[in-house]
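Quick notes on the structure that follows.
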Amino acid sequence: MDFIFDPSLVLYLPLYGLDGASFMSRDAYGRVCTVSGASWNPNGYYFDGTDDFINIGNANLVLGSTPRTALAWIKALDISTEQAILQYGHSATRQLFRLYIQSELLRLATYSDDHSSDASKIASNVWLLVGVTYDGSTGLTFYVNENKAGSGTLGGLLNTALGYYEESIGGGGTDGTAISFGGFIGSVFLYNRALTPQEIQHNYLTTKWRYQ
């Protein structure tokens, strides 16, 4: 385990090693995850782009305006459509934090803002480590593999007075089926701090061997 595994890692899903209808996350919290439709393979889970998702429950992963980092190894098959990678929020239309793809770009949607990694487009049919860091104030930085892929500025702190609904991998909405992901998701990492560029690079370099 050469990637950064410390107390700030609040969600770790090595999906390539988690076969079954349900399983527990491999972080300190051991969250119960339930698979709906997605199929396992040695690189992770395949999502059909229609109604597949993995529900990780009402885990309250968002704690106030805490800085955070969301990372995922993905292989998207169709990058022209809107599709969620990781999302958590309180309703189908008001997601507190959603990392997704739209029109070949990596994007982040929050309750009141929507930002794009316009400096770098996502490639299809290739494994990529994609993610975003949030500094706990207003600053966002997007990453594709080990490289910065754009930045954004939120209009204010993440809105945390909304209550929580559910968290899911590969789908959005209250049942996880809206804007569903089409392709493979191999690993998901969520930290409650903003990793540095050097730490993002370290995570990429120590995990990419699995997805070559």
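Can you say whether LEU195 is at pLDDT 95 or above, closer than 30 Å to THR50 by Cβ and among the aliphatic types (A, V, I, L, M), as far as the supplied structure shows?
Values: at pLDDT 95 or above: yes; closer than 30 Å to THR50 by Cβ: no; among the aliphatic types (A, V, I, L, M): yes.
No.
Cβ-Cβ under 9 Å, sequence separation 6+ or interchain: first residue in the stretch 70-81 and more than 13 Å from GLY49 (Cβ to Cβ), partner at pLDDT 90 or above and part of a loop (DSSP other than H, G, I, E, B). Which pairs? Going by the 9 Å Cβ cut-off, the qualifying pairs are LEU71/LEU195; TRP73/ASN43; TRP73/TRP127. Among residues of the stretch 183-210 that are hydrophobic (A, V, I, L, M, F, W, C), those with a Cβ under 8 angstrom from a residue that is assigned to a helix (DSSP H, G or I), sequence gap 6+ or separate chain, pair up as ILE185/LEU15; VAL188/LEU15; PHE189/ASN203; LEU195/ASN203. Condition check for THR160 on (1) at pLDDT below 90; (2) at positive phi; (3) of a type outside the set (Phe, Trp, Tyr): one failure, at (2). Taking every residue in the stretch 138-151 that is in a strand (DSSP E or B) and pairing it with any residue that is aromatic (Phe, Trp, Tyr) and surrounded by 15 or more Cβ atoms within 10 Å (Cβ to Cβ), at least 6 positions away or on another chain, the pairs with Cβ-Cβ distances below 6 Å are LEU140/TYR134; ALA149/PHE142; ALA149/TYR143; GLY150/PHE142.
Please state which of the following conditions HIS202 fails to meet, knowing it meets all the rest: (1) more than 27 Å from TYR16 (Cα to Cα); (2) at pLDDT 90 or above. The failed condition is (1). Considering the stretch 1-32, and only residues there that are without any contact (Cβ under 8 Å) to a residue 12 or more places away in the chain and out of contact with any strand residue (DSSP E or B) (no Cβ under 8 Å at 6 or more places or on another chain), the residue that is nearest to HIS202 (Cα to Cα) turns out to be MET1. Can you tell me which residues in the stretch 35-51 are under 13 Å from ALA84 (Cα atoms), surrounded by fewer than 17 Cβ atoms within 10 Å (Cβ to Cβ) and touching a strand residue (DSSP E or B) at 6+ places or on another chain (Cβ under 7 Å)? Hit for the stretch 35-51 is ASP48, nothing else.
The values are calculated or read from the model by the stated rules, or taken from the named source; none is laboratory data. These numbers come from a predicted model, not from an experiment. Glycine also receives a Cβ, built like all others from the backbone with ideal geometry; neighbour counts cover every protein chain displayed.
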